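The values are calculated or read from the model by the stated rules, or taken from the named source; none is laboratory data. Note that the coordinates shown come from a computational prediction; the quantities given were computed from them, not determined experimentally. All Cβ positions, glycine included, derive from the backbone under ideal geometry; neighbour counts span all protein chains shown.
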Amino acid sequence: MSEKVNCPYCGNEIYNDAEQCEYCKEFFKEPEIKGIKLTSLGQFIVLSCLTFGLYSFIWLWCNYMPVINISNSRDRKKLNRLILIGIPVCVLSAVFLNYITAAVLTKILLLSVSYRILRIIEKYSLIKYGAAIVHNEIGWFCFDILYVVYFLGTYPERVHTPGMRWCMNTKNWIIYSLIFIICAALAVLMTYYISFIDVG
């Protein structure tokens with residue numbers, strides 16, 4: 001059984017393995033979701049550009065188990081159902097229909113999966129830390145998995161400030177914007193180069 005010690009912030013007795021004081025609500029270590037990998041927004045943008053959007057699925061594959069581990073049985077079934085049905089539908093639509101239909105279905109799949117992940121994280125945070133964190137619907141709808149990466153990258157701040165929808169770090173956003181502009185410019189140059197070769 002855990003021993004009791006005095007909280008260094010308020011002095012009340014708490015268990016020595018507690019992550020947060022039940023009296024003053026101070027955290028003894030930063031809130032986290034164990035096992036989550038690849039939460040760098042800049043890395044995600046660069047690798048998404050280089051893989052033409054396929055990195056979203058790589059990211060999901062790498063972080064599937066950590067998300068499943070913090071979900072309840074109902075959310076786990078919903079997420080598994082989405083993935084097991086959605087991916088084959090997207091692949092078959094690309095093979096038998098056309099790429100526009102496949103792109104639309106893929107966007108719907110990524111939106112559905114990212115929403116389910118966000119809800120799992122929100123429920124976990126409420127149970128684990130007592131923090132009612134929320135996601136921004138506009139950010140989720142526009143950026144799907146990219147927004148999940150941003151959400152996880154700012155997770156400690158969200159737990160400390162429940163209800164926060166945006167976490168603006170000017171320095172980081174300038175860096176990410178520059179990375180995005182450079183990747184977009186490279187994509188345009190590659191397209192021009194390929195078309196020039198075709199014409200030549």
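Against the criterion of being under 18 Å from the mean Cα position of the chain (by Cα) and more than 25 Å from Ile120 (Cβ to Cβ), Cys49 qualifies.
Taken over segment 122-145, the criterion of being among the aliphatic types (A, V, I, L, M), at pLDDT below 90 and outside any loop (DSSP other than H, G, I, E, B) is satisfied by Leu126, Ile127, Ile138. Scan segment 91-121 for residues that are surrounded by 13 or more Cβ atoms within 10 Å (Cβ to Cβ) and either in a loop (DSSP other than H, G, I, E, B) or under 12 Å from the mean Cα position of the chain (by Cα) (or both) and jot them down. Selection gives Leu110, Leu111, Val113, Ser114, Tyr115, Arg116, Ile117, Leu118, Arg119, Ile120, Ile121.
Here Arg81 passes the criteria (1) under 16 Å from the mean Cα position of the chain (by Cα); (2) modelled with pLDDT of 90 or more except the one numbered (1).
In segment 36-47 there is at least one residue matching the filter, namely being over 30 Å from Val188 (Cα atoms), part of a loop (DSSP other than H, G, I, E, B), of a type outside the set (D, E, K, R) and modelled with pLDDT of 75 or more.
Among the residues here, Val134 qualifies as outside the structural domain of Cys21 (by TED's automatic domain parsing), free of Cβ contacts under 8 Å to residues at least 40 places away in the same chain and surrounded by fewer than 21 Cβ atoms within 10 Å (Cβ to Cβ).
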